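Worksheet: one structure, shown below.
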Amino acid sequence: MGYRRAGVEVVGVDIEPQPRYPFEFYQEDALTVLEFMATAGREIAHSTWSAIHASPPCQAFIRSGMFDRTRYADLLTPSRAFLNEIGLPYVIENVPGAPMRPDLVLCGTMFGLPHHLRRHRWFEANWPLSPFTLACNHDGDAVGVYGHPRGRKPEGANASSFRWRYGHGDIHQWREAMGIGWMKERELGQAIPPAYTEWIGRQLVAYLTERPVVAATA
């Protein structure tokens, strides 16, 4: 949504169905799509798309102990390799500590989001994405958008699995804090605020508009 607000036409790809996704959507394995774009489909990719945003699953890199990290595959590293092979302008998003460059670090408090949202995310780009932002402000209580609102325990969960289910606030506060009114709990827990990608998207549009076009010569 943030990219759309910045003036970008958005098409989404995910291996899971996303019935509330608000734009054109294809249910495909994103890693398989990137591999195709990096190999046989490279010419198609360059003639069809202007840029790629990738948000590989973050559970393998979360440092808080919320997940058993050994259960989750590192999909960021192969995604990053394919993106470099494709050669289009890209943005990769993930959690702090992920195996990528933190070219830009964003937090909800930089944008004055409701309920003092603290949600740090790293962004890497292969184009000159500006690292200059407003400072974080972590004073005061904050809503934590992760797990489930109010720490709801799923049926059949044991005490150890409940440890990562704690969250603060309810679903309405989560939606207000994130600036996302159309998602349900699990989706919000995996999302980033559109304010982040609008900030990046405006820079991306300016870059794509201003960069020189290199003509092919015989």
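Derivation of every value follows stated rules applied to the coordinates shown; laboratory data play no part. What you see is a predicted model; the values in this text were computed from it and never measured. Here the Cβ is made from the backbone with ideal geometry for all residues, glycine too, and neighbour counts use every protein chain on show.
The table for this structure:
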item: Furthest towards positive pole of dipole, Leu75, Val13, Gln27, structure part segment 2-210, Cβ charges; result: Leu75
item: Computed E for Glu185/Tyr72 - FRET, C-beta separation, R0 22 angstrom, nearest 0.05; result: 0.65
item: Residues Cys136, Cys107, sorted so that the one with the fewest Cβ neighbours within 10 Å comes first; result: Cys136, Cys107
item: Cβ-defined net charge surrounding Tyr21, 15 Å radius [Lys, Arg +1; Asp, Glu -1]; result: -2
item: Ratio of the Cα radius of gyration of segment 2-210 to 2.2 N^0.38 Å, where N counts its residues; result: 1.04
